[in-house]
Amino acid sequence: MGFEGKVALVTGSSRGIGKAIALGLGRGGAEVVVHYKQRQPEAESVVDEIERSGGRGIALQADLEDPEQIDSLFGEVRERYGRLDVFVSNAGASAFKSLGEYRPHHLQRTFALNVQAFVLGGQHAADLMRSGGRILVISSYGSQRAFATYANLGSAKAALEAWVRFMATEYGPRGITVNAVSGGLIETDSLHYFYSQPGIPPMETVVRRIPLRKVGTMDDMASAALFLLSDLAGYITGTTLVVDGGLSIVSPPFAEEGVVQSRERG
Ligand SMILES: NC(=O)c1ccc[n+]([C@@H]2O[C@H](COP(=O)([O-])OP(=O)(O)OC[C@H]3O[C@@H](n4cnc5c(N)ncnc54)[C@H](OP(=O)(O)O)[C@@H]3O)[C@@H](O)[C@H]2O)c1
């Protein structure tokens, strides 16, 4: 897929979707910077796995809510490699609350990690991409759809998808593509955390409305990401590729519920 000899940075790749993307890049022959915030042992074990599959990597720490730590992370990439070919802005987190509960620090922290880190990281990455490159960010269906407790992160994801279009336009003439992969329900720690929150119905009530009737895997997300990062996607930029089993294309009325109700009436 054209990853041999490329230098790639994947934020939040100590676990979850970022880890699956980092492993895929490593298997393809890229030199991968595995970034983490606090789980150093997990990040080191991702590097080990990359090296066992024949690739190379290092683990670097930064709290991406802090612009100075973003500068230091990219400074270290510049010092070690002198360039960057692939930047995946994957790290994400938020506080899940109803609208009246949000305080300024919730809004600021979610914006800092999910939007600001992508924009500042994208600036650094573009500076380090001397002969084209790939920038990718991970979004979610909350960018387009509204559901309980997700307003803060969903609106940050919507902002990301807009930034993708502006960055693609400005960086395109330099041979840099900028895209997003938007996930539905993906099997990770954070999915189970979300569905354990008070007021959130059981995950099964959502899964039965997904046309493919199942939760996606980290590898489903990584496959889409690796495609957009590869030579196969050289003419694709400014777009969001949706990986959600069809969740975001459906709407009520749901046929299954109609059947249940008519049986009850009968
Ligand atoms: N899971 C889903 O269902 C789903 C669906 C659609 C989109 N997404 C998106 O996919 C991305 C990855 O999600 P995930 O579920 O795989 O995540 P996850 O398992 O919760 O892992 C989060 C990663 O981000 C890092 N991180 C957290 N806070 C950070 C901070 N302040 N600074 C730097 N790094 C930080 C973590 O580092 P440590 O390990 O060191 O803590 C970890 O590597 C996110 O953008 C998420 O919104 C997820």
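The values are calculated or read from the model by the stated rules, or taken from the named source; none is laboratory data. In this text, all values refer to a predicted model and were calculated from it rather than measured experimentally. Note that we place each Cβ from the backbone using ideal geometry, even for glycine, and neighbour counts take in every protein chain shown.
Applying the criterion of at least 3 residues that are in contact with a helix residue (DSSP H, G or I) (Cβ under 7 Å, 6 or more places away or on another chain) to the helices (runs of 4 or more DSSP H) found wholly in segment 172-265 leaves 189-195, 218-229. Taken together, the residues in segment 172-209 that are free of Cβ contacts under 8 Å to residues at least 40 places away in the same chain and out of contact with any Ser or Thr (no Cβ under 8 Å at 6 or more places or on another chain) amount to 13. Looking at the structure I just gave you, is Phe3 more than 8 Å from the ligand (Cβ to nearest atom), part of a loop (DSSP other than H, G, I, E, B), under 20 Å from the mean Cα position of the chain (by Cα) and at negative phi? So Phe3 passes the test.
For segment 23-37, which residues satisfy the criterion of being in contact with a strand residue (DSSP E or B) (Cβ under 8 Å, 6 or more places away or on another chain) and either near the ligand (Cβ under 10 Å from one of its atoms) or among the charged types (D, E, K, R) (or both)? Hits for segment 23-37 are Glu31, Val34, His35, Tyr36, Lys37. Among the criteria (1) more than 25 Å from Ala112 (Cβ to Cβ); (2) away from the ligand (no atom under 13 Å from the Cβ), the one Glu79 does not fulfil is (1). Taking Thr110, is it within 12 Å of the ligand (Cβ to nearest atom), out of contact with any Pro (no Cβ under 9 Å at 6 or more places or on another chain) and on the phi < 0 side of the Ramachandran plot? When the stated conditions are applied, Thr110 passes them. Looking only at segment 130-158, residues that are more than 26 Å from Tyr195 (Cα to Cα), modelled with pLDDT of 95 or more and surrounded by fewer than 22 Cβ atoms within 10 Å (Cβ to Cβ) come to 1 in all. Inspect all residues belonging to segment 159-170 and state whether any of them is farther than 25 Å from Lys6 by Cβ and either away from the ligand (no atom under 14 Å from the Cβ) or loosely packed, with under 13 Cβ neighbours inside 10 Å (or both). Scanning segment 159-170, I find at least one residue that is farther than 25 Å from Lys6 by Cβ and either away from the ligand (no atom under 14 Å from the Cβ) or loosely packed, with under 13 Cβ neighbours inside 10 Å (or both), so the answer is yes. Residues in segment 190-214 that are farther than 19 Å from Ser14 by Cα and within 8 Å of the ligand (Cβ to nearest atom): Phe194 alone.
On the basis of being touching an Asp or Glu at 6+ places or on another chain (Cβ under 6 Å), free of Cβ contacts under 8 Å to residues at least 40 places away in the same chain and away from the ligand (no atom under 13 Å from the Cβ), does Arg56 make the cut? Spelling it out, Arg56 is indeed touching an Asp or Glu at 6+ places or on another chain (Cβ under 6 Å), free of Cβ contacts under 8 Å to residues at least 40 places away in the same chain and away from the ligand (no atom under 13 Å from the Cβ).
Candidates in segment 173-189 are the residues that are of a type outside the set (Gly, Ala, Ser) and within 14 Å of the ligand (Cβ to nearest atom); of these, the one that is surrounded by the fewest Cβ atoms within 10 Å (Cβ to Cβ) is Asp189. Would you confirm whether or not segment 40-51 contains a residue that is in a loop (DSSP other than H, G, I, E, B), farther than 17 Å from Met218 by Cβ and of a type outside the set (Asp, Glu)? Among the residues of segment 40-51, not one is in a loop (DSSP other than H, G, I, E, B), farther than 17 Å from Met218 by Cβ and of a type outside the set (Asp, Glu), which makes the answer no.
Evaluating Ser98 against the criteria (1) more than 28 Å from Gly5 (Cβ to Cβ); (2) without any contact (Cβ under 8 Å) to a residue 60 or more places away in the chain leaves one unmet condition, (2). Restricting segment 61-76 to residues that are closer than 17 Å to Ala43 by Cα and of a type outside the set (A, V, I, L, M, F, W, C) leaves a set whose member that is nearest to the ligand (Cβ to nearest atom) is Asp63.
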